[in-house]
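Following: one structure in structure tokens, then a few remarks.
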Amino acid sequence: MMVTDVSLASWNLRGHISASLANHTSLLLLNLSHNFLTGSLPLELLSSNSIVTLDVSFNRLRGRTYKRVYQFFSAEEAEGDFDVEEDA
């Protein structure tokens, strides 16, 4: 059995997003939206060859990687609360 979709939206998750999620080569959709995740978005997730849909909106992510994603999508058609904070 291969897991292709993981939706953990609104599960009140806290902490950082693990880069190891990118190791799941059958994963097509990863929805971590509407949680309390912090830190930066791992580059491994952005460069994954398998993940087609990655939703991390409505979290407390910050950092250079996340800002780049926000800038890319805001120039396109992004909707939602990205809550981008400045690096310390």
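Numbers for the structure displayed
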read-out: Identity of the residue in region 37-77, acidic (Asp, Glu) and modelled with pLDDT under 75, that ends up nearest to LEU13 (Cα to Cα); value: GLU77
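Condition check ((1) without any contact (Cβ under 8 Å) to a residue 40 or more places away in the chain; (2) assigned to a loop (DSSP other than H, G, I, E, B); (3) surrounded by 15 or more Cβ atoms within 10 Å (Cβ to Cβ)) across all residues:
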{"position": "ASN12", "(1), (2), (3)": "yes, yes, no"}
{"position": "LEU27", "(1), (2), (3)": "yes, yes, yes"}
{"position": "THR38", "(1), (2), (3)": "yes, no, yes"}
{"position": "LEU41", "(1), (2), (3)": "yes, yes, yes"}
{"position": "SER50", "(1), (2), (3)": "yes, yes, no"}
{"position": "SER57", "(1), (2), (3)": "yes, yes, yes"}
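The values are calculated or read from the model by the stated rules, or taken from the named source; none is laboratory data. A quick note: this is a predicted structure, and the numbers were derived from the prediction, not measured. Ideal geometry is used to build each Cβ from the backbone, glycine not excepted, and the neighbour counts take in all protein chains shown.
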